[in-house]
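*Asks:* Below you'll find the structure I mean.
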Amino acid sequence: MSMSSLSALPPELAGMIVRELTINSDVAAVCLTSSRLHDVGTRILYDFPVAAGLRRMVRLLKTIVKKSELAQYVRRFTFDFLFEVPNVPKRIFPSFLKLAAEALRSMSNLTELYAKLLPHLPMILDRHVFPCLTHGSFAITKTAIPFLEANAATITDLLFADADNDINEPDRELGPEHRVYFPRLAQADMPLDIAPLFLMGTSTSTVSIHLPYPASVEGLEANYLALSLDDVPVTTLRISAVSLRMPIFRAIVDNAPELHSLVIETILQPELPRPALMRTLERYISGFTNLKGLAITGRTGVFRPVEPAYEDIDDLAALVTRMHARCKTLELINLGFGVFWTQIGGVWTPRTLGLAAPESKVHNTLIQWTMDRCASNPGLLNALMANARQHYPTQIREMYQEHGVTEGEAHDEFGEMEDNGEGEDSARETDWATDEGSIDSDDE
C-alpha cells in the first residue's frame, strides 16, 4: 500500500495499520509523509512514549509540557527505565521530580502509570486525580498515601515495590492508619507486611505476595496471610519466598479454599530436594475445592531449569499422581525441572514449559520416558495420538503422507495395539504412577 492510499483511509483504519509498526523510528517516518498521517502517527507515538535514560526522559517531559496537546494522547507512562536514578545528583533531582509531576498532571487520559523507581513522585503529585487511571506501580512510602487515596476509586491493577535505599525506614513502615480501600482492585502484587492494608475487603482475584519482609513480621506470616486473604475472592495466588513454613499453607487453605491456581515461587533453585515442602503440600492440598493449577517455580531470570534425569521424571510422576489423588480438580501441575504435567487418556504425562531443542537432554529424556510408558500401556499411545490429531492436525497429516500411511490404517494399527495390551495396563501403570510413601510424618 502506498502512502497516498494510506493517507486516504479514515484515521481509525490508518491508525490500525500504522500500529503494526513496532519501531518508533518507522512510525516517525510515517508522520513525515503527510499532515494527515502526521496526526495519526503522533497519536500512536505518544500513546505509550518510552524514554530509556534520564536525558531522553527530560527531553520527553519538556516536550509534553510545551505542547499540551500531546499530553492528551498519552494513555500509558513509565519511569521504569530510569536505572540511573540513584546516581542523579540530589541538587538536580527535585527539579526533575517537579518536571515529571507537571507533565503528568497534563495527561488527563492517563490509564497506566509505572513509577516504582521514583518513590517521591506521588508526594509531589499529592492528591491530583487521574480520572482514567486503572494500572499503577509505586514504591512503598507513607508520602504516597494521599495520592493513592485520591485515585483509589479507579485503580484495578496495583503493584507495590520496596523503595530505594534513600527512603528512611520510618517512611517505609505503614500502619493501620494508612489503610487505603480500592473498590475495583482486581490484581495486586505486594510484600506481605503491607498486604492486609490494601487487600482486605477488595474484590481482588489475582494476588502476588512476597515474603521477603521486615524482621517485625517474622513468625507472624500466617496471621498476615489470613488478614490479607480474608473475605477476598482470590482465584489466582502467587507466593514468593525463600522458605515456606507449614502454617502458611494452613492460612491459604483456610482463607482461600476456592483457589483456581497456586504458584509457589522460590529464590532458591526449585529442583533442590525439599521433602518437607512436598509433604506439607500433600497434607493441605485436599483442602482446596476447585484448584486447577499447582506450580513450584524459581524466580524468573534467576535460574535456568536443571535438566532432569530419567529417575527424576519417575519421582515426579509418583508425586504428581499422589497430589491428584488428594485434589481431584487438578488439571496442570509443575513441581520443578521446567516440566509441567497434564492428563492425557487418564494418565499424567510430562511436557516442557518452553520449546525444548529436539536434541536437548530434557527433550530426549521426556521422549524416552513417555515411549516407555506407551510400551507398557498402548492405550496411552492412542490417547497421545488423539490429542496430537486434535491440536496438530496439519502436522499429523503431513507425517502420515511422508510415511505412506493413511489415517485409517494408523487408526486400525493403534486399535490393535490397544487390544493386545488390554489387561496389562493397570498393573504396569501402578509400578510408576503410584507411591506408597507416607505423608503423615512431621513437617519441618
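*Asks:* For ASP80 and THR63 in the same chain, what is the full-extension length gain: residue separation times 0.36 nm, less their Cα-Cα distance, in nm?
*Replies:* Gain on stretching ASP80 to THR63: 4.2 nm.
*Asks:* Now for a different question. Order 364-377, 333-346 from most to least packed using the mean count of other Cβ atoms within 10 Å.
*Replies:* 333-346, 364-377
*Asks:* If the chain between GLU331 and ALA276 were fully stretched, how many nm would it gain, using 0.36 nm times the residue separation less the Cα-Cα distance?
*Replies:* 17.5 nm
*Asks:* A further question on this structure: Going by average Cβ neighbours within 10 Å, how do the peptides 252-260, 307-315 rank, with the highest at the top? Write out the running numbers ahead of the final one.
*Replies:* Numbers: 252-260: 18.3, 307-315: 16.1.
Ranked by mean Cβ neighbours within 10 Å, highest first: 252-260, 307-315.
*Asks:* Can you tally the net charge around ALA226? Count Lys and Arg as +1, Asp and Glu as -1, for every other residue whose Cβ sits under 11 Å from the Cβ of ALA226.
*Replies:* Net of charged neighbours comes to -3.
*Asks:* Let me ask something else about it. Kindly state, to the nearest 0.05, the FRET efficiency for THR289 paired with CYS132, given R0 = 30 Å and r defined as their beta-carbon distance.
*Replies:* Result of the calculation: an efficiency of 0.20.
*Asks:* Starting from the Cα of VAL50, step 7 Å along the direction of its Cβ; do the same at TYR181; then give the gap between the two resulting points in nm.
*Replies:* It works out to 3.8 nm between the two label points.
*Asks:* Please give the FRET efficiency for THR143 paired with SER261, using the beta carbon to beta carbon distance and R0 = 30 Å, rounded to the nearest 0.05.
*Replies:* With a Förster radius of 30 Å, E is 0.30.
*Asks:* If amide H atoms are built 1.01 Å from N in the plane of the peptide, which residues on other chains or at least 5 residues away come under 5 Å of the amide H of ARG238?
*Replies:* Sorted by chain and number, the residues that satisfy this are VAL207, SER208, ILE209, VAL263.
*Asks:* Separate question: Taking amide H positions as placed 1.01 Å from N in the peptide plane, with prolines and chain starts having none, which residues 5 or more places from ILE296, or on another chain, fall under 5 Å of its amide H?
*Replies:* ILE264, ASN334, LEU335, GLY336
Bear in mind these aren't lab numbers, they're just calculated from the coordinates by the rules spelled out. This is a predicted model, so every value here is computed, not measured. Counting neighbours? That spans all protein chains shown, and the Cβs are built from the backbone with ideal geometry, glycine included.
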